[in-house]
Amino acid sequence: MAGKDWDAAQYLKFEAERTRPVRDLLAQLPLTSPKRIVDLGCGPGNSTEVLVKHFPQAHITGLDSSPDMIEKARKRLPDLDFTIGDLSSFEQKEPSDLLYSNAVYQWVPYDQRMQIFTRLIQSQAPGGVFAFQVPDNFNEPSHEAMRAVADEGPWAEDLRRVTTFRKAFQSPQELYDKLKPLCSEINIWHTYYYHILEDHQAIVEWVKGTGLRPYLDQLSSFDQESFTKEYLKRVEKSYRPLVDGKVCLRYPRLFLVAVRA
Ligand SMILES: C[S@@+](CC[C@H](N)C(=O)[O-])C[C@H]1O[C@@H](n2cnc3c(N)ncnc32)[C@H](O)[C@@H]1O
């Protein structure tokens, strides 16, 4: 679903937390010295930077559909090639050793994902790796609260498309069944992160950079403010403060590493 451009600065307010799964995914790759890597949905270059440090000898490029994100990535890593482009039409000219993607495919429409995964894996040479991580938080209180506020406010009709568009990510079983015929090996796992944030407002700030965007993008600035206030009230009810007044944002993430047969 097309929306307004990303806001790289808002996204990077939680850079450390958002970048942690980049390293956790890297730790499971069955590769020692890949020569060519593409960071698909590279965002502001935070994931690309980790790839550069981990594989300093590799030729690494980045692709993202957001001009704001690509501008930040180019500033951050001026020696690398970054391209503005859409994953749905991305084709590599020659196979790379690693097609890497952190926190991107949840933004690709549900019905297109499997087709994209299949095409990417098929474009790899035997032994080539396709690896991704996505948040798997559709049923977390933070996301249930978004849907409830969207459904119950005066904006319900305007937001109907957003609420019906969003679904849980494909299950590990669905991913395995579809992709295994193309692969010699598939490794799938979940990690639950428990992010300790300052207060409930911090949860709002976190999702304003990601999951709340499709809702807010559809609203006037007046309604954006009312929606955000209602959302904060819900979040306050759903997340009990910790002993020191902070809050714990539970954040499940799904990882997949596939090796081309
Ligand atoms: C949550 S950010 C992830 C950024 C970075 N990879 C990281 O590890 O933090 C998601 C990125 O995916 C990009 N994106 C979403 N849909 C895309 C598509 N269809 N094609 C290319 N990039 C896309 C967005 O522009 C955004 O920069």
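The values are calculated or read from the model by the stated rules, or taken from the named source; none is laboratory data. This structure is a prediction, so every number in the text was calculated from the model and none was measured. Neighbour counts run over all protein chains shown; Cβ positions are idealised from the backbone, glycine included. Protein only, heavy atoms only, side chains kept; ligands, DNA and RNA dropped before computing areas. Shrake-Rupley method; radii C 1.70, N 1.55, O 1.52, S 1.80 Å.
Listed values, structure above:
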quantity	calculated
Some residue of the stretch 119-128 being closer than 17 Å to residue 257 by Cβ, open to solvent by 50 Å² or more (accessible area, probe 1.4 Å) and within 15 Å of the ligand (Cβ to nearest atom)	no
Residues of the stretch 51-78 classified as in a helix (DSSP H, G or I), out of contact with any Pro (no Cβ under 8 Å at 6 or more places or on another chain) and open to solvent by less than 20 Å² (accessible area, probe 1.4 Å), total	2
Index of the failed condition, residue 206 passing every other in (1) farther than 30 Å from residue 34 by Cβ; (2) open to solvent by 10 Å² or more (accessible area, probe 1.4 Å); (3) within 16 Å of the chain's Cα centre (by Cα)	(2)
Failed criterion for residue 103 (all others in (1) open to solvent by less than 10 Å² (accessible area, probe 1.4 Å); (2) within 16 Å of the ligand (Cβ to nearest atom); (3) small (Gly, Ala, Ser) hold)	(1)
Residue within the stretch 244-251 that is at pLDDT 95 or above, in contact with a Lys or Arg (Cβ under 6 Å, 6 or more places away or on another chain), part of a strand (DSSP E or B) and surrounded by 12 or more Cβ atoms within 10 Å (Cβ to Cβ) present	no
Residue check for residue 141: open to solvent by less than 80 Å² (accessible area, probe 1.4 Å), within 19 Å of the chain's Cα centre (by Cα) and closer than 15 Å to residue 257 by Cα	no
Total residues in the stretch 156-170, condition over 21 Å from residue 87 (Cβ atoms), outside any helix (DSSP H, G or I) and open to solvent by 10 Å² or more (accessible area, probe 1.4 Å)	3
Unmet criterion (only one of (1) part of a loop (DSSP other than H, G, I, E, B); (2) hydrophobic (A, V, I, L, M, F, W, C); (3) within 16 Å of the ligand (Cβ to nearest atom); (4) more than 28 Å from residue 68 (Cβ to Cβ)) for residue 138	(4)
Residues (within 16 Å of residue 257 (Cβ to Cβ) and open to solvent by 50 Å² or more (accessible area, probe 1.4 Å)) located in the stretch 171-185	176, 178, 180, 184, 185
The stretch 17-42, residues that are within 11 Å of the ligand (Cβ to nearest atom), at pLDDT below 95 and not basic (Lys, Arg)	17, 19
Unique residue being within 9 Å of the ligand (Cβ to nearest atom), open to solvent by 40 Å² or more (accessible area, probe 1.4 Å) and of a type in the set (D, E, K, R) when the list is 86, 111, 97, 81	86
Members of the stretch 176-214 found to be within 20 Å of residue 18 (Cβ to Cβ) and assigned to a helix (DSSP H, G or I), listed by number	200, 201, 202, 203, 204, 205, 206, 207, 208, 213, 214
Filter result (open to solvent by 10 Å² or more (accessible area, probe 1.4 Å) and touching a Ser or Thr at 6+ places or on another chain (Cβ under 7 Å)) within the stretch 21-37	24, 36
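Results for (1) in a helix (DSSP H, G or I); (2) modelled with pLDDT under 95, shown as yes or no for each residue.
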| position | (1), (2) |
| --- | --- |
| 83 | no, no |
| 88 | yes, yes |
| 116 | yes, no |
| 121 | yes, no |
| 124 | no, no |
